[in-house]
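One structure below.
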Amino acid sequence: MSSETKLRLGTRQSPLAMAQAEETRRRLCEAHGWAEDAVELVKVRASGDKIQDRPLADIGGKALWTRELDIWLAEGRIDAAVHSMKDVETLRPESLTIAAILPRADVRDVLIGASSIQSIPRGAVVGTSAPRRAAQLLHHRPDCEVVTFRGNVATRLAKLAAGEAQATFLAAAGLERLGRTGTGTVLPADEFLPAPAQGAIGIECNTDDAQTRDLLSAINHQGSRDTVMAERALLEALGGTCHSPIAVLSEIKSGMLTMKASLFSAEGNERVDGEIECDPHDLDAARTLGRDMLSRAASAITVLFNGQS
């Protein structure tokens, strides 16, 4: 670390991860009146970026996005790590703390290749590696065939252009951060529910590093933190994994948090819904919602959660 460096931020190397790290650096420098070179971006190649030919759930789950950054934090090679919060495991080590959540971007999904779910050609092949997107699509369009699509935005768009599928989904937030707004059709969030914590950037540091926690607190957006932590509490109660089709939309309205959630079977033919309105800090309300939904769910759903059959 040079004498000018105030903070070393660890980040994955993908274009989207770098865009998120650069946004974090910009916000930190604006908040503290630093020059840009006060925050060093330290690139890490994550395990999840090295393996592109299999579904994430089959090769180790979300830990593949965080493992290397966790190690570098523990070794003191970086002061903080920038994450897409939807890629961060629900249960994290006590030695690490999510010190800041940036203002959450657009939570919606974008459909590429058709103007709506209903206008996808009958029997079309749709590419996605997300169980939530696959199950939700099949719930509305059981005639479609889902194939695995992994890789960054450019890779998935190239697969689509090569004819490996006729349609695919991307996150609106990712497209926006890459300057690719206007690509595809943005799907209504209340009709095609987003992933938990979609659109949110989180910055994590060592729990015992009070100085870094204090520096990061300056860029924390409380409303975004409230919705993200509520959605993570829901995940905790569900015991959801990368195999679990979970969709949730949370908003802060008039000082209250509203949450609408759905669980699906893998093929989308079974679905259970739930809604709550609560104080934004009442994480137990989100956990109770999760347990209630599981209690009402068919076995084809519960088998995907908490190891239940």
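Observations, loosely collected:
- Residue in segment 92-112 that is closer than 24 Å to F169 by Cβ and without any contact (Cβ under 8 Å) to a residue 40 or more places away in the chain present: no
- Of everything listed in (1) over 30 Å from T212 (Cβ atoms); (2) modelled with pLDDT of 95 or more, the single unmet condition for A130 is (2).
- Which numbered condition G123 misses (of (1) among the small types (G, A, S); (2) part of a loop (DSSP other than H, G, I, E, B); (3) touching a Ser or Thr at 6+ places or on another chain (Cβ under 8 Å)): (3)
- Scanning segment 83-95 for residues that are surrounded by fewer than 20 Cβ atoms within 10 Å (Cβ to Cβ) and either in contact with a strand residue (DSSP E or B) (Cβ under 6 Å, 6 or more places away or on another chain) or of a type in the set (A, V, I, L, M, F, W, C) (or both) yields a total of 1.
- Residue in segment 144-160 that is of a type outside the set (S, T, N, Q), surrounded by 22 or more Cβ atoms within 10 Å (Cβ to Cβ) and either in contact with a His (Cβ under 9 Å, 6 or more places away or on another chain) or within 19 Å of A19 (Cβ to Cβ) (or both) present: no
- Segment 86-120: number of residues that are assigned to a loop (DSSP other than H, G, I, E, B) and at pLDDT 95 or above: 17
- Condition met for T5 (outside any helix (DSSP H, G or I), touching a strand residue (DSSP E or B) at 6+ places or on another chain (Cβ under 8 Å) and at pLDDT below 95): yes
- Failed condition for R54, given (1) at pLDDT 90 or above; (2) of a type outside the set (A, V, I, L, M); (3) out of contact with any Leu (no Cβ under 9 Å at 6 or more places or on another chain): (1)
- Within segment 57-69, the set of residues being surrounded by 18 or more Cβ atoms within 10 Å (Cβ to Cβ) and modelled with pLDDT of 60 or more comprises L64, W65, T66, E68, L69.
The values are calculated or read from the model by the stated rules, or taken from the named source; none is laboratory data. Remember, predicted model here, so these are calculated numbers, not experimental data. Note: ideal-geometry Cβ built from the backbone for every residue, glycine included; neighbour counts use all protein chains shown.
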